[in-house]
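Throughout, read-outs are computed from the coordinates displayed, never taken from laboratory work. As the structure is a prediction and not an experimental result, all values here were calculated from the model. Cβ placement follows ideal geometry from the backbone for every residue including glycine, while neighbour counts extend to all protein chains displayed.
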Amino acid sequence: MENTVTSFLPVLACLASLAAVPLLLIFRKEIFMRELVTFGAGIAKFALVLAMLPLILEGKVLEYTFVNGFAGINVPIAFRVDGLSMIFALVASSLWIATSLYSVGYMRGLKEHAQTRFFVFFAISLCATLGVAFAGNLLTLYLFYEMLSLATWPLVTHHQDKEARSGGRTYLSYLLGTSIGFALPALIFTYVKSGGDLSFGGAAILAESDLGYWPGLFLLLGFAFGFSKAGMMPFHSWLPGAMVAPTPVSALLHAVAVVKVGVFCIIRVVTGVFGIDLLGRLGINLVLCWIAAFTVITSSLIALSQDNLKRRLAFSTIGQLSYIILGVALLSEHAVAGSMMHIAMHAFGKITLFFCAGAIFVACGKKYVSQLDGLGRRMPVTFAAFAIGAISVTGLPPTGGLLSKFYLVWGAAEAGQIALLCVFLVSSVLNGAYFFPIVYRAFFKPTPEGEATTGIREAPLACVIPLAVTAIGSVLLFFFPGTLLELTDLMVGKK
Amino acid sequence: MLEQLPAVILLAPLFGALLISLFGLRERRACFPVAFASLLIALASAIGAGTRAFTGGAYDYFIGGWEEPLGIGIVLRVDSLNGLLLIAIAVVAVLALIFTIRPSSEKDEGKTAYFYILFLLLCVGLFGITITGDAFNLFVLIEVSALTSYGLVAIGSSRRCKMAAFHYLLMGTVGASFYLLGVGYLYLKTGSLNIQDINTILATNAVVSESPGVTTAFILILVGIWIKMAFFPLYGWLPNAYSYCPSGSACLLAPLMTKVSVYVMIRVMLSIFGLEWVFGHPGWSDLVVWLAVIAILAGSIMALAQREIKRMLCYLIVAEIGYMVGGAWLNDPNLWGLTGAFYHILADAMMTLCLFLTAGIFFKYRGISEIADLDGIFKKMPLTSIGFVIGALAMIGVPPTCGFFSKFYLIRGGIEGGQWEYVAALLISSLVNAVLFFRIFEIAYFGKKPAEGHDHEHNHEHEHEHEAPAQTVLPAREAPLSALIPLLAAAALILLVGIFNGQIVELIRVAFEIPSTVVSNLR
C-alpha cells in the first residue's frame, strides 16, 4: 500500500513506559524521583503518540515489523497504527498521566505499602496496553493481551489480604481461562483457515475464506468470549471482583486500559479478522448483538442494586463495554463509528467517576452509596465532577457521551434493528437511574447526624486536580470532537 | 579433526568418568573440574557436529571404519534432528552440573566421585542414544543410560530413594527387554541392525514389511519405549524416582531421560519403520492419540492433587509426554504435529530443567518441599522466583516462551489432522497448568496467612519474628551463584528457544522432508 509508512515510533511509544521500570527500581527509596520518573515516562509516551497523530490524520498507516519475530509460524511481531489504534492510544496514554498524579495523591494519602511495585507494574501494564493498540497482527495482539493480564494481577491483588486474594483468583481464572480456552484456539483456527495469515493490514483475514455459518459463529464467539476483558456476560464477574484493587488501578485499568483492550480486540476481530462483509453475509453478527444487548440491560439492572460505589461503577462499565460491542456488531457505518468513539467518551466519563469514588474514600473513608448523604456540600469539586461523569456516561449534553450514543442509536436505525435501538434507549434510562440518585443524595439530602455539616474538606490536591481535568475533558470532547471524528471516519471510510 | 567430532561427544564424558574413577576417589575436589571440562568439550563438539549437519545435511561416522552394514557395526549418524538434541542435552547437562558444585547433604558421605562418574556415564548414554545409527547399539546405550540413572536415583541417602530406584529398575528393565525383543524380531525378518539398512529393506521388500513379524517388532519396541518414557499408564516408576532422588540427579534426569525416549520413538517411527509404514496401519494413529489424550488429562489431574513441588512437576512430565506422543502420532498432512512434538522435546527439556532447578533450590537452600511452605518466597528469593515464574509461564504456554510455540505447532497439527480431542486436551492441560502455577504464585506472593486490611508492614515484621528459627538455619536469603547461574540460564534459554523457534523448526523440518546423506569416510 502506498499510504503505509515504516516508522519506529509505535515501538518507542510502546516501550516508553517499560523503559521507566529500571529507573523506578533504582529510585525505589527516593519517592520524589520515583514519581518524577513515572510522570516523565507518561509524558514521553503521550508525546510519542501525539507525534504520530498528524501522519495518521493524513490517512497514512504507520507500520513496523520485526522481521525475525516468530519466523517459524511466519507471523512476525508487527506494529501497525491506524485510526482505531490512535483513538485508543491517545486515550490510554493521556489518561495515564492523569492517573499518575492521582496515584501519587491516593497512595500517599492512604500510606499504601509497596508503592514501587505498584508503579512498576502500572508502567508494564501501560506498555502492554499500547502494545495491543498498535498490534499489527493477531499474534502480537494476543501476546500483549496476555502480558496485560499477567502484569495487572499484582495491581489487583495489591492489598495482599484475603479479599485481594480471592479477587485476584477470580480475575486471573476468568482472564487467563478464557484467553487460553477460547481465544487461543480461535486464533490458531483462524491461522489454519487463512493459510497462515494473521496480519491486520489490507483486507480482513478471513474475507476470502469459505467459512460456513456454524464454524463462523463458533469462531466469532470464541474470540468474543475469549477476549473476556470486554466483560461480556457470562464472563463478566472478574470485573466486580477486581474492584478490590486500589482505586487508581480500578480507574485507569478497569475503566480504560484493560477493559478497553477487550473491546478493542473484539472490534479488531470484527473488522480485521472477519470483515464487515463476511459477517453480514453469514448473519452471525446478530448473535453477538443480542448477547451484548442482554449484557447491557442485565448489568444496568444489577448496577441499580449495588450499594458499594465501586461495584456499581463496575457493573455500569460492563454495560457500557457491551454498548461498544453491540455497536460494532451492528456493522452499519455509524454504529461502528459510534462504538469507536465510545471508547474515548466512556473512558473520560468513567475514569472521572472512579477518581471521585477514590477521592471520597481518601477524604472520608466512605465506600457505600448509602453513606454519601449530604457529602456534596463538603466535597463540592469532587461531586460536581461526579455529576459531569454521570451525565457523560448516561449520554446527555453537554458531554462527549451524547455524541457516541447518538452515533450508536443512528447506526442501529441504519441497520434496521429497532429492537436493539430500544435497548440503547432503555439502558440510557437505567444509567440515569443508577447515577443520579447518588448526585441527588450528595447535594440535597441532609447530612446524617454526628457528622460535620459545614466546611469544605476535599481529598488531597493531587487527587482533585486529575478528576477535575478528566471531567472538563469529557465536556470538551462534546464541543471539540473534531480529531476523534476524523479518526473514526478514517476507519469507517476505509472499509 | 573436525570430522571426528561425533566421536568426541561420546569420548569426552567417557574419559572424564574414567579419570574421576582413577583420581577422584582420592582427591574429591578434582571431580567437579574434570566433569565440567569433559562436558564443556562435549558441548563444543556437539555444537560443531550439529552445525555441520545443519549446513551440510546428515552424515555418517563409522567408528573404526567398518562401513558394511553387517552384524553389529558401530555407526554414528548426525542429522539436523539429533544435532539439535545433542546440543540441548549438552547444555542441560552442563547447567545441571553447575548446580551440583555445592555439595548437598546426600553427597557429603564420600559419594562425590561416584555421583560424578554416574553423571558423566549417563551423559555418554544419552549422547549415544541420540546419534547412534544402529538399532542394537541403541539398546545398549539405552541400558547404559538406564543403569546409571538407577544409580543416580539410589545415591540419595534416604531409604525411600533405594525403593524408588528399585522400582525404577524393575520397570526400566522390563521396558528394555521389550525393546530388545522387538529388535530381535526385526533382525530375524530383515537380517540387519543398521537403522538405514532396515529402513531400505522395509521400504523395498513388501513381503518383509507386510509380515506380522515386523508388526510385532514395532509393537514390542513401542511398548518398551513407552515404559522408558513413562507414557500413561506406564508411568508408575517416575514420580517416586524423580521426587525422592537428590536434587542434583533430578535436574539431570527429569529434563533428559523421558525426552530422549520420546526422541527414540520418533526415530523409530521416522527412520527405522518410516512414517508411511507406521501410518499405513489404519486406526493406529487414532488409538495412540486417544491414549495420549488420556495421558495428558490424567497427568494434569494427578498434578492438581499433589502437595509437593517435585511430585507435581513429575506428574506434569507425564502430561507433557502425552503432548509429545500425541503430537508425533497426529498423522496430519503437513507433519506439524511431529514437528511440534520434536520442538517440544527441546522446549520441555528447558522448562523441566528450569522448574526442577527451582524445586532443587527451594529444597536445598530453604528446606522446602511442600507447595504450602513457599509462602512469601517471591520476596525472600526474588531472583529464584524470576526463574520459577518464567518456567511456569512456559508450562502454561504464554508467549514468547517456548511453551507457547510448541503448543501452537501441536494444536496446528491437531486442527489440520482433524484430531479435535487432542486439541481440547492440550487446552485443558494449559488451563490446569495455569491453575497449578498461579496457586503457587498466590502462596509465594501473599504468604500463608494473608494480612487483614492495610497494616501490612506490621504484619510482615511479625512474620519475620515467627520465622526467626528457620532463618538462623538458612542464613543465605538468595540462593548462591552456583544455583542461580544455571537457573537464570535455563530461563533465558526458555525465551531464546521460543524467540528463535523459526530457525529451530526449519532445521527439524529439513530432517523430515529432505533425506540427503553426506557420508564421511574415515579410517
### Task
Could you list the trypsin sites (Lys or Arg not before Pro) in the stretch A:1-47 that lie in coil according to DSSP, counting only those with at most 16 other Cβ atoms within 10 Å of their Cβ?
A:28, A:29
### Message
Averaged over its residues, how many other protein chain Cβ atoms are within 10 Å of peptide A:184-194's Cβ atoms?
### Response
4
#### Entry: Rg over Rh [alpha-carbon atoms, Kirkwood Rh] for the stretch A:284-495
1.02
### Message
If R₀ is 25 angstrom, what is the calculated FRET efficiency for the pair residue B:26 and residue B:163, using the beta carbon separation as r and rounding to 0.05?
### Response
0.20
#### Entry: Residues residue B:177 and residue B:503, FRET efficiency given R0 of 56 Å [Cβ-Cβ distance, rounded to 0.05]
0.90
### DSSP-assigned coil residues among GluC sites (Glu not before Pro) in the stretch A:1-108, each with at most 16 further Cβ atoms within 10 Å
A:2, A:30, A:58
## Note on the structure
Mean separation of Cα contacts under 8 Å (at least 6 apart) over the residue count of the stretch A:284-495, i.e. the relative contact order in percent, is 29 percent
### Query
Are there trypsin sites (Lys or Arg not before Pro) in the stretch A:57-141 that DSSP puts in a loop and that have at most 14 other Cβ atoms within 10 Å, and which ones?
A:111
### Message
Looking at chain A only, what percent of DSSP beta bridges run antiparallel? Nearest 5 please.
### Response
75 percent
### Query
What is the order of B:266, A:43, B:201, B:9, fewest Cβ neighbours within 10 Å to most?
A:43, B:201, B:266, B:9
### Query
What's the average, rounded to a whole number, of partner chain beta-carbon atoms within 10 Å of each residue's beta-carbon in A:163-169?
3
### Query
Of B:310/B:379; A:60/A:260; A:366/B:380; B:162/B:407; B:228/B:380, which pairs sit farther than 28 Å apart, going by alpha carbon to alpha carbon?
A:366/B:380; B:162/B:407; B:228/B:380
## Note on the structure
Longest principal axis of chain A (C-alpha) makes with the long axis of helix A:184-193 (C-alpha) an angle, in degrees to the nearest 10, of 20 degrees
### Task
Would you work out the relative contact order for chain B, in percent, from Cα pairs under 8 angstrom that are 6 or more residues apart?
16 percent
### Task
Any chance you could give the angle, 0 to 90 degrees and rounded to 10, that helix A:482-494 forms with the longest Cα principal axis of chain A?
20 degrees
### R0 of 45 Å, Cβ-Cβ distance residue A:449-residue A:29: FRET efficiency to nearest 0.05
0.45
## Note on the structure
Sorted by chain and number, the residues with a modelled amide H under 5 Å from that of residue A:65, at a separation of 5 or more or across chains, are A:79
### Task
Output the peptides A:88-100, B:33-45 sorted from most to least packed, where packing is the average of other Cβ atoms within 10 Å over each peptide's residues.
A:88-100, B:33-45
### Query
When ranked by the protection proxy of mean other Cβ atoms within 10 Å per residue, highest first, what sequence do the peptides A:333-341, B:222-230, A:128-136, A:273-281 form?
A:128-136, A:333-341, B:222-230, A:273-281
### Query
Given H placed 1.01 Å from N in the peptide plane, which residues other than close sequence neighbours of residue B:132 have an amide H under 5 Å from its amide H?
B:77
### Message
At a 10 angstrom cut-off on C-beta neighbours, averaged per residue, how do the peptides A:366-374, A:321-329, B:428-436 rank from highest to lowest?
### Response
A:321-329, B:428-436, A:366-374
### Task
Positive end of the charge dipole of the protein assembly as shown (Lys, Arg +1 and Asp, Glu -1 on Cβ, about the Cα centre): tell me which of A:38, A:107, A:211 has its Cα farthest that way.
A:107
### Task
Would you be so kind as to identify all helices of chain B, as entire DSSP H runs, whose Cα atoms reach 27 Å or more along the helix's own axis and whose mean Kyte-Doolittle hydropathy is at least -0.5?
B:31-56, B:80-99, B:112-131, B:135-154, B:159-190, B:247-267, B:284-304, B:309-328, B:336-366, B:420-446
### Summary
Per residue of B:427-434, other chain Cβ atoms within 10 Å number on average 3
### Message
For a test of the definition: using alpha carbon positions, the gyration tensor, and the 1.5 limit on a/c, classify the stretch B:219-270 as rounded, prolate or oblate.
### Response
oblate
### Message
Tell me the relative contact order for chain A as a rounded percent, counting alpha carbon contacts under 8 Å between residues six or more apart.
### Response
15 percent
### Task
Measure nothing fancy, just the Cα-based angle from helix A:213-226's long axis to the longest principal axis of chain A, in degrees from 0 to 90, nearest 10.
30 degrees
### Charge sum, other residues only, whose C-beta stays under 10 Å from residue A:20's C-beta, Lys/Arg counted +1 and Asp/Glu -1
+2
